Amino acid sequence: MIWKVKKRHKPSNQGWRVKIDCQQRAENCSHGAKKPANDPMPRLPGGPCHHRFRRHNGPLRALKTLISRIFVQSMPFQCPTWPPDWPSIELAIQEAIRTGQWGQYHSPLIKSLQKRLAEYLKSGPIRLCCSGTAALELALRCCRIRETDEVILAAYDFPGNFRTVELLGAKPVLVDATSNFIAGRHAISPTPDAEQVAAAASPSVRAVIASHLHGSQADMHALRQICDEHGWFLIEDACQAIGGQIDGEPIGSFGHLATLSFGGSKLISAGSGGAIIANDQRLAARLGGLLDRPGDTFPIGPLQCAAIQPQLQRLDELNRVRNLTAEFLRKNVFQELADWEVLTTSANSRPQTPDDPSTSTRSTIAAHYKFGWLTPSNETRQHVIEHGRAMGLPLGEGFRSMSSASAKRCRKIGSMPHAETLGERLVVMDHRALLTPPEHHDELRDSMHELYRYVNAIGG
Ligand SMILES: Cc1ncc(COP(=O)(O)O)c(C=O)c1O
């Protein structure tokens, strides 16, 4: 437990004031605590974070604090760090500086990474760019999406995808997320419902965006078939899922175009950066026309490429660790957390039979940028995130759902209960926690159980 009550002041009509002492090291402190102007203590790395006053809202809050003290954990959960600080990354960057390749427009570092990524993903040509968001915009521009065109996407998706469609003057057409009946219960996949995609057909539709989110894979076989039947472009958003496979084929190889992100804390991280995969020659040529003027118009930097290379080398290894932890959470933790529902890993609920050639023995491998589950209510979600973070668990909300966007901004296909549920009740755990090695899985399990008990005790 990291909160320690130091001194209690008289209750006032504004609530109780409690002085709290954060026991975390300053650099790990998640309170966003600023050093108070009148506090002489320096905020040193390795030292404690600052004492500060917090106003409690009254007896209810005080009761929660008391309950949280009962469910005490001696040490916060320690997540592996990300982005990685590997010596191999340092070496690659030093080498880029030594050779001068870091300071060139058409650096060989960019070309060699494009080639290696295309080999790894068994895809068509790849062009690196400045972000996953720019990659989607370029993909839509390659498809010549214009005003009066429509683009289908899930109401629960990275909100920037909706914005990018709007930015090009086109109209987003929203479909619900997928729900499958698995092992006697409904499980949600935060990916576009293929039946609703087919039902969304209109003469104006030109493209479909399918994102693989939170370790769950869109039903790419079904979506590609629907797109081919209607002559639509399929754009696969693989920003969260690099390294995953569906029936033995790499994620990113199913769409006419696909996008990757190396931004922020992604599975491969360079602070910012992205890529567009063109699995169609005509589109690859258009992409060149958009980017080369004659310098690269949305470039990634050579130093970012240097930092990405070693991470690409270790991607499969680390995805295996993440998947082991995700499997552990599913089988050994969430089985016991009755009303917390884990997302399903696939939108495809086809029975796996040996006679079905499309399912055969070819491997399906998830890639988890996040691990998600639904809490019973929005209020519970707030408690889970707030207390989980204080315990050192890297938790957050999923995306907001666009299902409530006004009818002027988009066309909607029926009601969207699953997207709404995801927008209101989804908790996501960052992949840093999934990098926990198997010998520390028990600590993760104990933290999750403690979190569950705490949230139930405060009636969340
Ligand atoms: C599914 C998805 N698509 C696109 C993006 C945008 O990537 P970037 O941050 O590199 O613009 C993100 C970022 O989180 C994402 O999760």
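Tabulated data for the structure shown
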{"read-out": "Checking F233 against (1) in contact with an Asp or Glu (Cβ under 9 Å, 6 or more places away or on another chain); (2) within 16 Å of the ligand (Cβ to nearest atom), the condition it does not meet", "value": "(2)"}
{"read-out": "Residue within segment 83-101 that is in contact with a His (Cβ under 9 Å, 6 or more places away or on another chain), within 16 Å of the ligand (Cβ to nearest atom), part of a loop (DSSP other than H, G, I, E, B) and under 30 Å from L444 (Cβ atoms) present", "value": "no"}
{"read-out": "Verdict on Q225 being polar (S, T, N, Q) and either within 18 Å of H368 (Cα to Cα) or in contact (Cβ under 8 Å) with a residue 24 or more places away in the chain (or both)", "value": "no"}
{"read-out": "Checking G252 against (1) under 22 Å from G423 (Cβ atoms); (2) within 15 Å of the ligand (Cβ to nearest atom); (3) not β-branched (V, I, T), the condition it does not meet", "value": "(1)"}
{"read-out": "Flag for S216 being touching a residue at least 12 places away in the same chain (Cβ under 8 Å), hydroxyl-bearing (S, T, Y), within 12 Å of the ligand (Cβ to nearest atom) and in contact with a Phe, Trp or Tyr (Cβ under 8 Å, 6 or more places away or on another chain)", "value": "no"}
{"read-out": "Where a residue in segment 117-135 is assigned by TED's automatic domain parsing to the domain that holds G252 and more than 19 Å from P302 (Cα to Cα) and its partner, wherever it lies, is within 15 Å of the ligand (Cβ to nearest atom) and basic (K, R), with Cβ under 9 Å and at least six apart", "value": "T133/R163"}
{"read-out": "Residue satisfying condition, being among the small types (G, A, S), away from the ligand (no atom under 16 Å from the Cβ) and touching a Leu at 6+ places or on another chain (Cβ under 8 Å), within set A278, A238", "value": "A278"}
{"read-out": "Options A307, A275; residue that is surrounded by 24 or more Cβ atoms within 10 Å (Cβ to Cβ), outside any helix (DSSP H, G or I) and not assigned by TED's automatic domain parsing to the domain that holds T364", "value": "A275"}
{"read-out": "Meets criteria (assigned by TED's automatic domain parsing to the domain that holds P159, within 13 Å of the ligand (Cβ to nearest atom), assigned to a loop (DSSP other than H, G, I, E, B) and over 12 Å from L121 (Cα atoms)) for I268", "value": "yes"}
{"read-out": "Filter result (surrounded by fewer than 21 Cβ atoms within 10 Å (Cβ to Cβ), in contact (Cβ under 8 Å) with a residue 24 or more places away in the chain and more than 16 Å from the ligand (Cβ to nearest atom)) within segment 284-299", "value": "A284, R286, G288, L290, L291, G295, D296"}
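The values are calculated or read from the model by the stated rules, or taken from the named source; none is laboratory data. Please read these numbers as outputs of a predicted model, since none were measured by experiment. Cβ: placed from backbone, ideal geometry, glycine included. Neighbour counts: every protein chain shown.
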